[in-house]
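Participant: Take a look at this one; I'll ask things after.
The values are calculated or read from the model by the stated rules, or taken from the named source; none is laboratory data. Everything quoted here is computed from the prediction, not taken from an experiment. Heads up, the Cβs are rebuilt from the backbone with ideal geometry, glycines too, and the neighbour counts pull from every protein chain shown. Each accessible area value is taken on the protein alone, full model and side chains, heavy atoms only, with ligands, DNA and RNA left out. Shrake-Rupley method; radii C 1.70, N 1.55, O 1.52, S 1.80 Å.
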Amino acid sequence: MLYDRDIPKVVLDADAPPGAEKTAFSPQSRAHERAGRQLYYILEELAPDFAELRTGALIRTVLRVPEGAVLYYLVEPGFHLYGATAALNRLNELDTRMAECVNRLRTDVRYSPLNYGAWFGDDVWTGKPAAEDFPPPADTPRASTTEPADPSGAYVFGDVTDAARIPAGTEEILRAALDVDGLHYVAYYTDPASLCTADLFNHPVLGRYFMARSPDQRRDKYGRMGRLLPGITRRMNMSLRTVLRGEVLQVVLDVEQGAVYFHTLPGGRFLVGVTLDQARVTEADHRVVRLGRELTGD
């Protein structure tokens, strides 16, 4: 569905018969229309937070549930493309195809293409990706493309709140998930007030990302976002419950420079991850998923 702010302008319904008028669309399609409208309102509330971070506009949002996902792409200011699938095993393919579709729409109206989700690597987007170029599934590790340098002071661990609720060894598990070529910040919450954080913001390779905001300013802002995201996700669950089964497991907030990840864990726990590098959005996504499995023993 193509939205002009909260108004659907173009609706494609896989369940509608060929040539059907809008009034013939399925009830499920109507539910998706409402979900897309509500998602627009929720994500608009996050715009000031990303403006404060100065990482660019929110260009792509992915909401994963146990048996499906919703994708929400910025086409141009005020226009978004909404898509949903119940086939989670084909999410990477759908995500890539939507990125391709949106970039075609952007170039048609003389906007430059964007590297949504890092599906197109470091190269300028040139057109339709080959089927064999689809990225690996989330549980397939990717090798780092730079040396795993670890200069003194590169890793910074935040003050642990309510240490009794943070299992021993958690800091080292978080540290192992970080990489200059992927995940740059991670916070593990046992509840919204109890957390353990680790980041690579002091690494010299990442210095170019702190021209507008200092590492401490970034840490503070991501910490505040982490406390807000559980409530935002609950609202997303209410919006999506009529179109997808199950609670939201992960939210990907892909901005022009990097992404923020919210990953739920059993028992009210959750992870917040950050990459500052737009070319590593997918790699960081995979790292957050693997970290969640390690913390829960799955």
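Participant: Inside region 1-104, counting only strands (runs of 3 or more DSSP E) that do not spill past its ends, which hold 2 or more residues that are surrounded by 21 or more Cβ atoms within 10 Å (Cβ to Cβ), at pLDDT 95 or above and of a type in the set (F, W, Y)?
Facilitator: 68-76
Participant: Would you please name the residue that is farthest from R227 (Cα to Cα), looking only at residues in region 256-298 that are of a type in the set (S, T, N, Q) and surrounded by fewer than 22 Cβ atoms within 10 Å (Cβ to Cβ)?
Facilitator: Per the stated criteria, the residue is Q278.
Participant: Can you tell me which residues in region 43-65 are within 15 Å of T233 (Cα to Cα) and either in contact with a Ser or Thr (Cβ under 7 Å, 6 or more places away or on another chain) or not β-branched (V, I, T) (or both)?
Facilitator: Listed by number, the residues that qualify are L43, E44, E45, L46, L63, R64.
Participant: Give the residues of region 260-284 that are under 11 Å from the mean Cα position of the chain (by Cα), in contact (Cβ under 8 Å) with a residue 40 or more places away in the chain and within 23 Å of Q217 (Cα to Cα), sorted by residue number.
Facilitator: Of everything in region 260-284, those that are under 11 Å from the mean Cα position of the chain (by Cα), in contact (Cβ under 8 Å) with a residue 40 or more places away in the chain and within 23 Å of Q217 (Cα to Cα) turn out to be V272, G273, V274, T275, V281, A284.
Participant: Give the residues of region 163-201 that are under 21 Å from the mean Cα position of the chain (by Cα), farther than 19 Å from G223 by Cβ and assigned to a loop (DSSP other than H, G, I, E, B), sorted by residue number.
Facilitator: D179, V180, D181, G182
Participant: Looking at region 126-146, can you tell me whether even one residue there is at pLDDT 75 or above and within 26 Å of G226 (Cβ to Cβ)?
Facilitator: No.
Participant: Looking at R213, R219, R175, which one is without any contact (Cβ under 8 Å) to a residue 60 or more places away in the chain and among the basic types (K, R)?
Facilitator: R175
Participant: If you don't mind, another one. Only one residue in V186, V248, V243, V252 is crowded, with 20+ Cβ neighbours inside 10 Å, of a type outside the set (D, E), over 20 Å from R287 (Cβ atoms) and touching a residue at least 40 places away in the same chain (Cβ under 8 Å). Which one?
Facilitator: Of V186, V248, V243, V252, the one residue that is crowded, with 20+ Cβ neighbours inside 10 Å, of a type outside the set (D, E), over 20 Å from R287 (Cβ atoms) and touching a residue at least 40 places away in the same chain (Cβ under 8 Å) is V243.
Participant: Further question: Under the condition of being part of a helix (DSSP H, G or I), of a type outside the set (S, T, Y) and over 30 Å from P167 (Cα atoms), which residue from region 205-240 is least open to solvent (accessible area, probe 1.4 Å)?
Facilitator: Across region 205-240, the extreme among qualifying residues is L240.
Participant: In addition: Take the residues of region 192-204 that are in contact with a Lys or Arg (Cβ under 7 Å, 6 or more places away or on another chain) and touching a residue at least 40 places away in the same chain (Cβ under 8 Å): which is surrounded by the fewest Cβ atoms within 10 Å (Cβ to Cβ)?
Facilitator: Ranking the candidates gives F201 first.
Participant: Would you check which residues across region 226-277 are among the hydroxyl-bearing types (S, T, Y), at pLDDT 95 or above and over 16 Å from Y72 (Cβ atoms) and list them?
Facilitator: Across region 226-277, the qualifying residues are T264, T275.
Participant: What number goes with the only condition from (1) open to solvent by 30 Å² or more (accessible area, probe 1.4 Å); (2) modelled with pLDDT of 90 or more that D150 does not pass?
Facilitator: Failing condition for D150: (2).
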